[in-house]
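Undergrad: Below is one structure. I have some questions about it.
The values are calculated or read from the model by the stated rules, or taken from the named source; none is laboratory data. Please read these numbers as outputs of a predicted model, since none were measured by experiment. Cβ sites come from the backbone with ideal geometry, for glycine too, and all protein chains shown count toward neighbours. Only protein heavy atoms, including side chains, enter the accessible area calculation; ligands, DNA and RNA are left aside. Shrake-Rupley method; radii C 1.70, N 1.55, O 1.52, S 1.80 Å.
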Amino acid sequence: MTTEFRVDPPTAADERTLLQGFLGFHRGTLLWKVSGLTGEQLVQRTVDPSSMSLIGLVRHLSEVEKYWFHRALAGHDSPPKYWTAEHPDGDFDLVDPAQAEQDVEDFRQIVRTSDTLAGTYSLDDTFVRPGYEGPYSVRYLYIHMIEEYARHNGHADLLRERLDGTTGE
């Protein structure tokens, strides 16, 4: 497994560059964990009784990106793609090995759009999450997303190790 997908964050920079650097590092870590696997491997649930799979994590984080950056921050109408009221865990439960490569590409596109949207706001700008009291700052959003990715990358590391023994940092 190579680390071509992620770039180490800077060690000294302004706040925005540091936050973007750490978020990019964690997004890249997820891409690293899913690299070089087949669709069948990506949908495999390797830690019973959990329904988590590597592609499920990619799909989940795609939805998280859309919710926070697209819907909450920018106010776009961006409904969930993978889950519904009928299937609230559809991001994990309704995976398809034939769709896995497209799911990864969709994640990449969502991340690009998230970065474009976030780049139009200052860290001090605030927004209100749909259904929640606010305000939330863009700074909070970055910190929350870094935490979200860090937690799920721990899951991804364990899932990948169970699949083929590959471990990383």
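Undergrad: Go through Tyr149, Tyr132, Tyr140, Tyr67 for me and flag whichever is open to solvent by less than 30 Å² (accessible area, probe 1.4 Å) and either farther than 23 Å from Gly24 by Cβ or assigned to a helix (DSSP H, G or I) (or both).
TA: So the residue among Tyr149, Tyr132, Tyr140, Tyr67 that is open to solvent by less than 30 Å² (accessible area, probe 1.4 Å) and either farther than 23 Å from Gly24 by Cβ or assigned to a helix (DSSP H, G or I) (or both) is Tyr149.
Undergrad: Would you confirm whether any residue within segment 36-47 is within 27 Å of Tyr132 (Cβ to Cβ), of a type in the set (A, V, I, L, M) and not in a loop (DSSP other than H, G, I, E, B)?
TA: Looking for residues that are within 27 Å of Tyr132 (Cβ to Cβ), of a type in the set (A, V, I, L, M) and not in a loop (DSSP other than H, G, I, E, B), one finds none in segment 36-47, hence no.
Yes/no matrix, rows are residues, columns are (1) of a type in the set (Gly, Ala, Ser); (2) touching a residue at least 12 places away in the same chain (Cβ under 8 Å):
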residue: Leu73; (1), (2): no, yes
residue: Glu86; (1), (2): no, no
residue: Asp115; (1), (2): no, yes
residue: Ala118; (1), (2): yes, yes
residue: Pro135; (1), (2): no, no
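Undergrad: Might you check whether a residue that is at pLDDT 95 or above and either among the acidic types (Asp, Glu) or open to solvent by 20 Å² or more (accessible area, probe 1.4 Å) (or both) occurs anywhere in segment 81-89?
TA: no
Undergrad: Mind telling me which of the residues Asp124, Asp115 ends up being open to solvent by 50 Å² or more (accessible area, probe 1.4 Å), outside any helix (DSSP H, G or I) and under 25 Å from Phe25 (Cα atoms)?
TA: One residue alone meets the criteria, Asp124.
Undergrad: Would you check which residues across segment 7-40 are among the basic types (Lys, Arg) and more than 16 Å from Glu148 (Cβ to Cβ) and list them?
TA: Matches in segment 7-40: Arg16 only.
Undergrad: Among the residues of segment 90-110, how many are open to solvent by 80 Å² or more (accessible area, probe 1.4 Å) and not in a helix (DSSP H, G or I)?
TA: Number satisfying all stated conditions: 1.
Undergrad: Answer yes or no: is there a residue in segment 6-22 that is modelled with pLDDT under 90 and open to solvent by less than 60 Å² (accessible area, probe 1.4 Å).
TA: Scanning segment 6-22 turns up at least one residue that is modelled with pLDDT under 90 and open to solvent by less than 60 Å² (accessible area, probe 1.4 Å).
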